[in-house]
Each structure stands twice: as C-alpha cells, then as structure tokens.
C-alpha cells in the first residue's frame, strides 16, 4: 500500500458493502410469484430435435499464411467444409445442444452442452485458433530452446560479412496454435441460489520472434512458445426480491515449458566467452482472486451496487544464470524472485431518484496494486559481454481512487440532460511522479424529438496535475530531467461526442457519430506534447422485411501525435510528428427466400490506412514515405433450397491486402549490419476462395 | 491549443445554460405529465394467454414469433420462464385491451411492453427482464453505461429468434457494431484481435451488463487483468518491470485495432521516444536518412527498439534491467 488513507477508503468500501448486505437479510421473504396454470392449445411443441449438417469442399487459390491468420486456412488447395448443429429438447426441461464449426480448418470450434433447464447445465467446449505472424521468414538458427548455428558457420562482425548466411537459411513459420478446452457447470438448487464453474485450459504452441543481442549486435530468434494457462472461475449467487449477492473465485495458473532461450552468437564475440547468449522466457505465474458483488434496490427510487475483489499474483520461477559467459561468473542474491503482488479492486455505486425525472448517482472506484516483491541488488552482466553496474529492482506499486458524481435529468419526454464531475487520484511508487490528480467535468444532452430521431451530445473536459517531477536515481543512464512521461504528465483533455440516429419507415435507420479528443501536455519540455483523434462514423441499416437486411457503413479516423525530444541531452532539439488516417467502408445484404428457393448474402468491405511520420531536426531531411495498408474483402454466398431440408451452397470470397511499411521496405538480410533478422516482409496477399457445400436439416 | 480549450469551455458553458433553460422550462411540463400518467391503469390479462395471441401472431406474421418455442423462454417445465407464468403476457404485459374487439377503423391498442408502439418506459420494459435476469453477473446494471444510455434489453437480445445472435461468437459483433460503428472499422485494421474472423466475441473482453463496474465494461476488475486472461505470460510479476505496461496495457496498445503491428498505438521508435530520452540512442532523432535506401539504421528499421529490447512487458532475467534478456 502506498499511503494509509488508501486503507481508509478501502475500509469505507468494506463497511458499505457489508453493512448494506446485512440490512435486507431481515427483509428476506418467500414471496415467490404464484405459478399460473394457463394452458396453450395453439403453442407449438417445445420438445424435439433440430439438426443441421453442412459438408463440402473449399478451394484456396494461393499460399498466403497471412490470409489464413485466425481464419484457419492453411495452404493453397482444397479444404474440408464441415459444420453441424444439433439441438435436442425433451418435452419438459431437458436439452442437449451441439455446435461444430470449421472442422476442416485449423481454427475449429466444438460446443456440447446439456442439462435440465432451471436445474443444472453442463458444457464442454473446444476451440482452436491458428495465428500466423509473417508470410515467409527464414533463419540460420536450428533447434528450439537451444538455438545453434549450422556446422561450418563462420562468424563475422556484421551480417554482410557472414559467408554462410545465405546457404544456412531455413524456412521458419512464426505463429502459434491456440487450443482452448472449457468444462462448465451450472447448478440452480433453488430459485434463490445459483452456482457455476468454468474450468479452462488454454494451450499455445508455436514460435514467436524474439530479439537477442550482444550490445548492438542483434538477432531475431525463433523462440519456442509452449504455454499452458489453466483457469478456474466459479461464482455463487444468492437473490432476494430486493437484493442480490455473489461471491466468486478466479484462479489462473500459467506454465511455460521453456524457461530460457539460448542461442549461439552468429557475430564475432565482443568479448571472450560471449559466444552464446541467453534470454529468460516468460516465467510460470499464478493469480488467485476472490470477489464479492452485491446490489440492494429496495425501491425504484434508490439503490446500491458494489463489488470488492482481492487477488494475489505470485511468481517464483527459478532464475536463469546471470550470464552464460563462462568468463563472467556472478552470484545471484536469490534463486528465485518470490514475487508477490496483492491486488484489491472495489467499487460502490449508489443512485437516488429524489423524484421521478431526476437521478443522482455517486460512485467510488478503488484499484490497488501492492507489489511486495523483495528488492535486491543485482550485478548486471550486459548482454553476456561484460560486467556492468549493480542495479536494484523496483517493484512497481500503484493505487487509484476515483470519485464520481452525476445527475441525470429527464427534463421532459424529448430532453434528457446529464452532468457529472469526477476526481481520479493515482499514486505510484518508484516512478517519476508520485501522485496525479485528474478532475473531469462532463455534460450530456439527449434530444428525442419523436420516434424518428435521437440526438446525443456529450462534452467533457479534464485536467490532470501531478506532484513535483523527480529524477529517479534508479534509472541509469538517467533520463533527461526535462522528460515527462505522458502517462504521468500534466495534461488537459477535451472530448466531444455527437451521435445522431434517424429512424425511418421500413425499419430504416441512419446513424452518424463524431468523436473528438484532444490531449495537451502542459508542462512537458520533452515528451509527448499533444495527441488528437477525430472519428467520424456513419451507418445505414434497412430491414424492409424479416427476410431482408441491408447495411452500409463508413468510418474515418485521424490520429495525430506530436513529441519533443533532445539528442543533446538538454532542451528539445527535435520534434517527431505522426498522423494516421484510416477509412473503412462496407456494405452487406442478406436476402432469404428469393423466389422461395434462394438465399443470398453479399458483403464488401474496404479499409485504407495511411500513416505519415515526420522527424524535424532542422536538417533538410525529407518526410518518411507513407505507411499504407489497403484491405478489400468481398464475400458472397448463394444457397439454393432443393427441398425445405436440403440445400446446395456456393460461396465465393476474395481478399486483397497491400501494405507498404518503410521499416521493412527493401530491408534485406544484410541491410542492417547489426541485426540478423528473419527477413519478414510486408504482409500482402490476393486470395480467391471457392466453396461448395450441401446442407441437410432434419 | 488554448483556442481549443477556450472553445470547449465556451461550449460547456453554453450547454450548462441550455441545460438549465430546458430544465426550468420543463419543470412545470413534467409535473403536468406526471399528473396525466399517474392515473392510468394497466389493462387486464387475457383469460387464455398465448392461445389468444397465437390466433393472430401465427407463422405468417410479418415478424414471426413462433421461434420462441425453440428457446429456453418457452420451457414451461422451468418455473422461472415466462411460459410457466403468464406466457406472452409475462413479458409483454397484460394484453386485455390489445386483444379486445375493436370497432372498424379503430386503432388497436398496443401491448404495454415490447411492441412498436408500446407505452411502457424503458425502465419498465427492462424491469420485465430484470425480474428474472438481474441476478448473477448482472447486478451492476443500474447506473452502468448501457443502462444510462437507455438501452433496452431487446436492443441487443432477440428473444423471439430460435438462436439469439448476440449469444453466438460469430454473430455477436454484428449486433454490437450496430451502435459501435467505429469499432467495426477498427477491427478491419492491419493489426486486430480476430473478431472479423469470428474467433473472438466482444464479450470475451467486455461484460456488457456491468458485472464488474469498471471503466470500459470489462470482464475482469481491471483492464490488465482482462488482458492477462489470454496473455497470462505477460502478467508476471517480473524481476524487472516496465512500469507503464504493468499499470495499463492501453498506454501503448489499442485494443480494437491499429494500423501498426501488435496493436500499437503509434509507430516505433516514436512511441518509445515519447517517454525515453536518455543520452545516446534513446533520444536520437531517427530521420528518413536511416531508411534502407540511405544509411540503414537498426534503431529505425525492422523492429526498431525491439530489435534489442524485446522484453518490453518485463524480464525475469537477473541481467535484464534493460529488458534485453
């Protein structure tokens, strides 16, 4: 904890939560609604089975792993289309559901659930997601967590001088497969009690790109990914007429099969023994959290809801050696971190309607991260090359408290006005600013002149001030004392949001939105100076009949940032500016029952992004070339129903992605003398997919 | 910048003045409306329940209602469901007037709730759902952003459809994008979570009924805890922490999509140089001179700062203070 007053706020939360929890216990009653004995002669039978099976083939015209990213498509050629749904309901409350998607792809999904509605439910879920990071990547390294270079490798001081580099390259696929298995259960022993549990195992296997370096001689390494995260979440809820309570437990246990990545130095060692390096891979860790949530609403005029969650993160993985350089032996102050972070999150929200048109809401949010990890002195060995200074670890602790008050006035049937004020206090330990206070005021007007239109305007303005900036002796070499990190810096933030919805006949709806945000950093001689974002969105939906839906949308975003920095370690002597402009348009139509036989779905969407970067130093350097990306997606599906239970489906899908990125453009394996990279290129592809399948419904 | 702030404050003041003007004007009007409505009484229930409704609302209705009999709401064996009670009128309210005979040319009175011309307020309509659904994971609904935005439960949920689209990972985003158009655009950017591909739903991160009353309606009590659900390898605690990453993932990342790799909010190295100004390479101005066609610069090209500092989420290596090990 940072300051004792944090405890006071917490105690306030606890007192509020628990005292209000006991008030209504005395009021508990068993006023269950009387069941009604209405018959229904015309109601369709609720029992029965619905089944849908789809089987077919897809054909992909090109090998483009980036296209397959997350979709699950692998290579050029044929793939199986397999989908199934089964819903079985008994006459009373029994049910079994099965859903199977994309069984022929690397991203597939299966869910089976069953039970007695209102009594219990069990479910099993399996899904996998295939992620591909780069189109084609190569590396001279062999192995998994112990990367070696091929026999005969001749090291050199730069990539261009490595004689065996080109001949030693092998293809390596950077990406991972994520498989998640979930077991769930829900039990409703009575109308008041409800219990559920979810147990998940998430396994992620594959390769990621990690950088390992010796001073400034770096290599991109294919690092093994073999992560398992086990999660368990369970809640027990109790309900009365006017209040509800819920206790919960959440546990997350992360395990990494590989503790370190060792690689052979492809460069000429900068010191004796620096012929290999070692990186630490993400350590095993755990998080356990207990939560209590509660709401009390004795009347529509006032009520309260609250939540309190206390958790603990721990990490005690055995450390790797300070260095693998045999000439630099260093003793560790401890064998493992014994890292421990206590978290406490709380919230109380109360509302009161003094009369029907006015609602007053007050809210308090509390978030504490108390890092109790021991501090020690650590002799540094700089990138396995030489012995550096002794550094002391800084376990970061922070605390956040937010106080909010708002009034919401339904002035009349057409106008609704809301206003609010907020104070957000953040305290940090180990950072350049120990405390920031941010005050925000906002105003919202909602006009609904009739059922044909709705307008909402929200303006807000906030100002953040911090305690005096302090130079941290723990940072070495020191930061420029003029630097103000933007998450700590004094800041003015103004925001405006306007939304207009128009509703026409035939269920036609038009929506327009403008959002503007402007951040200005007042007292930052160096660091981020300003950030602006302007968003525009427009959409139209048209649903003339139940069997016809069309929509079109447009979004535009402009993001600007300006930063100052100093290469002379004094006042600002250069400025960096960036401006991103993104436009997205799309349209889709779904029409079913055309001529009683056809269903048609057509979708087109397009996204175009351009990013400009300028670094202004006073020297005549041209601007950077624009970063661009352009995505076109066209999808169409036509279904012909031979019979009510049998259909033939044809799908065509086209995607085109083009990107330009100056950080990758023309960068060959030997362009950067000190970076032996994976030769990744800008993602670009053009793919056609054809699908033909039959669907059978029982 | 000063002009912008002045503009905003003027705007705010104007809004305040308009607010109080409308408030003052509406006070009397509101009281009158209250007086008018306070005397109104609900109609009676139909004597035969759904049998009455289904005489007209059959398979040929413009908006089919019968698929509800394939949903959990229609299971009479579950004592909590509408069909175990007043059937259609459990949710729609008493339909005595609506089902009564009308004179030729007379407009049929609407059902009290969940109809095109229903008179029930949003709170009253949502109250029908909350009677059963306020429990368990929805207890923070009152005062939550969706509630204060006057969202009806039926704005998102289609209870008459045999399979509610908002409850399915593949179809859910379409429902959310109806209002959150900007997010739809973000999910189509170069770097995005696999929402467009149907592998993630909005509710994988967001608890839209506000179970944990956090900013952003998140599934876990804080933003970082939400991210760690899938990215537990970044949770630590690490020996060497990167303070902004420990505090708030959104300091550097855009959650819904970005034109920059890894959902970063800005291109490197500028993103890093917003905070780092140490002597030598962290504070050097990397101009276009360092591009591949000029004097290729390792601090600018490929992965820029992360060509060496790859452990930006924290390092557990004893020599990892620079996040290079």
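The values are calculated or read from the model by the stated rules, or taken from the named source; none is laboratory data. Worth saying up front: this structure is predicted, and the values here are computed from it rather than measured. With ideal geometry, Cβ positions are generated from the backbone for all residues, glycine too; neighbour counts draw on all protein chains shown.
Under the condition of being closer than 30 Å to residue A:390 by Cβ and surrounded by 21 or more Cβ atoms within 10 Å (Cβ to Cβ), which residue from segment A:474-497 is nearest to the chain's Cα centre (by Cα)?
The first filter runs over segment A:474-497 and keeps only residues closer than 30 Å to residue A:390 by Cβ, leaving A:474-485, A:487-488.
Next, from what is left, pick out any that are surrounded by 21 or more Cβ atoms within 10 Å (Cβ to Cβ): A:479-480, A:483-485, A:487-488.
Working: A:479: 31, A:480: 33, A:483: 29, A:484: 27, A:485: 23, A:487: 19, A:488: 23 Å.
So the residue we want is A:487.
Since residue B:225 meets every condition but one in (1) touching a residue at least 12 places away in the same chain (Cβ under 8 Å); (2) out of contact with any helix residue (DSSP H, G or I) (no Cβ under 9 Å at 6 or more places or on another chain); (3) more than 7 Å from every other protein chain (Cβ to nearest Cβ), which condition does it not meet?
Result: residue B:225 fails condition (1) only.
Test residue A:270 against the criterion of being out of contact with any helix residue (DSSP H, G or I) (no Cβ under 8 Å at 6 or more places or on another chain) and not in a strand (DSSP E or B), and give yes or no. Write out each step before concluding.
Numbers: out of contact with any helix residue (DSSP H, G or I) (no Cβ under 8 Å at 6 or more places or on another chain): yes; not in a strand (DSSP E or B): yes.
Yes: the conditions hold for residue A:270.
Does segment A:342-376 hold any residues that are in contact with a helix residue (DSSP H, G or I) (Cβ under 9 Å, 6 or more places away or on another chain), in a strand (DSSP E or B) and either within 7 Å of chain B (Cβ to nearest Cβ) or farther than 30 Å from residue A:316 by Cβ (or both), and which are they?
A:345, A:347, A:348, A:350, A:355, A:359, A:361, A:364, A:371
Among the candidates A:96, A:181, which residue alone is surrounded by fewer than 18 Cβ atoms within 10 Å (Cβ to Cβ) and under 19 Å from residue A:204 (Cα atoms)?
Working: A:96 fails: under 19 Å from residue A:204 (Cα atoms).
None of the others qualify; the one that does is A:181.
Could you check segment B:248-265 and list, in sequence order, the residues that are facing chain A (nearest Cβ under 9 Å), buried (at least 20 other Cβ atoms within 10 Å of the Cβ) and in contact with a strand residue (DSSP E or B) (Cβ under 6 Å, 6 or more places away or on another chain)?
B:258, B:259
Run residue A:289 past the list (1) farther than 19 Å from residue B:218 by Cα; (2) more than 7 Å from chain B (Cβ to nearest Cβ); (3) surrounded by fewer than 22 Cβ atoms within 10 Å (Cβ to Cβ) and report the number of the one that doesn't hold.
Only one criterion is unmet by residue A:289, namely (1).
From the residues in segment B:141-155 that are under 23 Å from residue A:233 (Cβ atoms) and in contact with a helix residue (DSSP H, G or I) (Cβ under 9 Å, 6 or more places away or on another chain), which one is farthest from the other protein chains (Cβ to nearest Cβ)? So that I can check it myself, show each step before the final result.
So in segment B:141-155, the residues under 23 Å from residue A:233 (Cβ atoms) come out as B:141, B:144, B:146.
Subsequent filtering for residues that are in contact with a helix residue (DSSP H, G or I) (Cβ under 9 Å, 6 or more places away or on another chain) retains B:141, B:146.
Working: B:141: 8, B:146: 14 Å.
For segment B:141-155, the residue satisfying everything is B:146.
Surrounded by fewer than 18 Cβ atoms within 10 Å (Cβ to Cβ) and either more than 10 Å from chain B (Cβ to nearest Cβ) or touching a helix residue (DSSP H, G or I) at 6+ places or on another chain (Cβ under 9 Å) (or both): is that true of residue A:665 in this structure? Full working, then the answer.
Values: surrounded by fewer than 18 Cβ atoms within 10 Å (Cβ to Cβ): yes; either more than 10 Å from chain B (Cβ to nearest Cβ) or touching a helix residue (DSSP H, G or I) at 6+ places or on another chain (Cβ under 9 Å) (or both): no.
Judged against the criteria, residue A:665 is not a match.
Out of contact with any helix residue (DSSP H, G or I) (no Cβ under 8 Å at 6 or more places or on another chain), within 7 Å of another protein chain (Cβ to nearest Cβ), surrounded by fewer than 19 Cβ atoms within 10 Å (Cβ to Cβ) and closer than 25 Å to residue A:615 by Cα, is that true of residue B:279? Break it down into steps so the answer makes sense when it comes.
Numbers: out of contact with any helix residue (DSSP H, G or I) (no Cβ under 8 Å at 6 or more places or on another chain): yes; within 7 Å of another protein chain (Cβ to nearest Cβ): yes; surrounded by fewer than 19 Cβ atoms within 10 Å (Cβ to Cβ): yes; closer than 25 Å to residue A:615 by Cα: yes.
When the stated conditions are applied, residue B:279 passes them.
If only one of A:419, A:350, A:331 is at pLDDT below 95 and farther than 29 Å from residue A:284 by Cα, which one is it?
A:350
Filter segment A:224-242 down to the residues that are surrounded by 18 or more Cβ atoms within 10 Å (Cβ to Cβ) and more than 9 Å from chain B (Cβ to nearest Cβ), then identify the one that is farthest from residue A:381 (Cα to Cα).
Taking segment A:224-242 and keeping what is surrounded by 18 or more Cβ atoms within 10 Å (Cβ to Cβ), we get A:224-225, A:227, A:229, A:231, A:233, A:235, A:237-239.
Next, from what is left, pick out any that are more than 9 Å from chain B (Cβ to nearest Cβ): A:224, A:233.
Working: A:224: 24, A:233: 42 Å.
Across segment A:224-242, the extreme among qualifying residues is A:233.
Restricting attention to segment A:304-341, which residues are outside any strand (DSSP E or B), more than 9 Å from chain B (Cβ to nearest Cβ) and either within 26 Å of residue A:373 (Cα to Cα) or touching a helix residue (DSSP H, G or I) at 6+ places or on another chain (Cβ under 6 Å) (or both)?
Taking segment A:304-341 as the starting set, the residues that turn out to be outside any strand (DSSP E or B) are A:316-317, A:319-335, A:337-338.
Still in the list and also more than 9 Å from chain B (Cβ to nearest Cβ): A:316, A:324-329, A:331, A:334-335, A:338.
Selection gives A:316, A:324, A:329, A:331, A:334, A:335, A:338.
Quick check on this structure: which one of A:538, A:511, A:527 is within 9 Å of chain B (Cβ to nearest Cβ) and touching a helix residue (DSSP H, G or I) at 6+ places or on another chain (Cβ under 7 Å)?
On the way: A:538 fails: touching a helix residue (DSSP H, G or I) at 6+ places or on another chain (Cβ under 7 Å); A:527 fails: touching a helix residue (DSSP H, G or I) at 6+ places or on another chain (Cβ under 7 Å).
Within the list A:538, A:511, A:527, the selection yields A:511.
With B:274, B:316 as the choices, which residue is buried (at least 23 other Cβ atoms within 10 Å of the Cβ) and free of Cβ contacts under 8 Å to residues at least 12 places away in the same chain? First the steps, then the outcome.
Details: B:316 fails: free of Cβ contacts under 8 Å to residues at least 12 places away in the same chain.
Matching residue, one of B:274, B:316: B:274.
Condition test on residue A:470, is it farther than 29 Å from residue A:532 by Cβ and either buried (at least 16 other Cβ atoms within 10 Å of the Cβ) or away from chain B (no Cβ under 12 Å) (or both)? First the steps, then the outcome.
On the way: farther than 29 Å from residue A:532 by Cβ: yes; either buried (at least 16 other Cβ atoms within 10 Å of the Cβ) or away from chain B (no Cβ under 12 Å) (or both): yes.
Criteria met by residue A:470.
What number of residues in segment A:256-267 are assigned to a loop (DSSP other than H, G, I, E, B) and buried (at least 18 other Cβ atoms within 10 Å of the Cβ)? Lay out the reasoning, then the answer.
So in segment A:256-267, the residues assigned to a loop (DSSP other than H, G, I, E, B) come out as A:257-259, A:265-266.
Among the residues that remain, those that are also buried (at least 18 other Cβ atoms within 10 Å of the Cβ) are: A:265-266.
Summing the residues that are assigned to a loop (DSSP other than H, G, I, E, B) and buried (at least 18 other Cβ atoms within 10 Å of the Cβ) in segment A:256-267 gives 2.
Residues that are in contact (Cβ under 8 Å) with a residue 60 or more places away in the chain and within 30 Å of residue B:271 (Cβ to Cβ): find the strands (runs of 3 or more DSSP E) completely inside segment A:598-698 holding 1 or more of those. Give the derivation first.
On the way: elements: A:598-616, A:627-643, A:646-660, A:685-697.
In segment A:598-698, the matching strands (runs of 3 or more DSSP E) lie at A:646-660, A:685-697.
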